[in-house]
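Colleague: Next up is a structure, given as structure tokens.
Where a number appears in this text, it was derived from the coordinates with a stated rule and is not lab data. Since we're looking at a predicted model, the values are computed, not measured.
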Amino acid sequence: MKFKFLLFLPILSCNAQVSNSNNSATLDSMALQIENYYTQNKGNNLPSKSIGTPGKGQLINGKLIPFKGSNYEYFDVNSYLSGRAFLHQKVKETLLNTYKKLDSIYPQRQFKIMECANKNGGALFPHKTHQNGLSVDFMMPLIQENKPYYKLDTIGTTHYFITLNSKGQYNRDTSIAIDFNLVAKQILILGEKARLKGLKISKVIINTGFKDELFATVFGNQLRLSKIYIVKSLDNYTNYFHDDHFHIDFEIL
């Protein structure tokens, strides 16, 4: 099923992944291309405005998330250069502040941002939402033998189509699994930093088969007791595509 879904995404090839290339000239050229793109598209100084809903909306004065920081990176070069990494300004600031705090708690731990929104919002195929700059996909942090595992982080948009079992283990190698405690901590910090920017998390979409694993962790229990809404049920299609990442919709207070 995921393979069929992938056929509809020819524009988002992951052939241009920076971290997969051993050619220094290619790396330098790509880094320059990303830098130039950010400079040209990072946005103006006017405040962002989200219109409508994540499922039917627009984004005015959207802000481009930097491709990378000290402990995070956008997951796919082509997706980034295709204009799919824009956000409402307050969401962008929430993410940057979250990664800053995560860096202080988990030094050296790296994170991946996945797709956000078009520069002016609107439909972002194949997503059902992501239309008004208030939605973000976050890659699941993985571990192997209790150590961070990053080898699946560099496969670009193909990452959306990897499959994990009900315990959050990678189907091709069950020694690789989701770090659910870190997922929960990341969501808690996102909620904290969102409130400081006049936002709240309106919804977290995660494969509902993972909820027992998530809530069994220390920070997962804190998340369960928080006021952050985790989806209770999903249709099979949506559930199937939310095992490799979790999705957050923010709301302006």
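Colleague: Any idea what the alpha-carbon Rg over 2.2 N^0.38 Å comes to for region 123-253? Don't skip to the end; give the middle numbers.
Modeller: Values: Rg = 14.4 Å, N = 131, 2.2 N^0.38 = 14.0 Å.
Relative to the rule-of-thumb radius for its length, region 123-253 sits at 1.03.
Colleague: What Kirkwood hydrodynamic radius do you get for the chain when you take the inverse of the mean 1/r over all pairs of distinct Cα atoms, in Å?
Modeller: On the way: mean 1/r = 0.0544 Å⁻¹.
The Cα-based Kirkwood calculation yields 18.4 Å.
Colleague: Which helices of the chain meet both criteria: a Cα extent of 15 Å or more along the helical axis and a mean Kyte-Doolittle score no lower than -1.0, with helices taken as whole DSSP H segments? Before the final figure, lay out the partial values.
Modeller: Values: long enough: 24-41 (25 Å, -0.50); 89-105 (24 Å, -0.76); 180-196 (25 Å, 0.68).
Membrane-span-like by this rule: 24-41, 89-105, 180-196.
Colleague: Would you mind giving the three semi-axes, in whole Å and largest first, of the ellipsoid equivalent to region 147-205 according to its Cα gyration tensor?
Modeller: One finds semi-axes of 27, 13, 11 Å for region 147-205.
Colleague: Can you quote the Å³ per residue value for the convex hull of the Cα atoms in region 22-159, rounded to an integer?
Modeller: Working: hull volume 16.2 nm³, N = 138.
Enclosed volume per residue, from the Cα hull, is 117 Å³.
Colleague: What 222 nm value per residue comes from the helices of the chain, counting each DSSP H run with n ≥ 4 as -39,500 (n - 2.57) and dividing by all residues, nearest 500 deg cm²/dmol? Could you put the intermediate results ahead of the total?
Modeller: Values: 8 runs with 80 residues, N = 253.
Mean residue ellipticity at 222 nm (helix-derived): -9500 deg cm²/dmol.
Colleague: What is the Å³ per residue value for the convex hull set by the Cα atoms of region 78-142?
Modeller: Given the Cα convex hull of region 78-142, per-residue volume reads 96 Å³.
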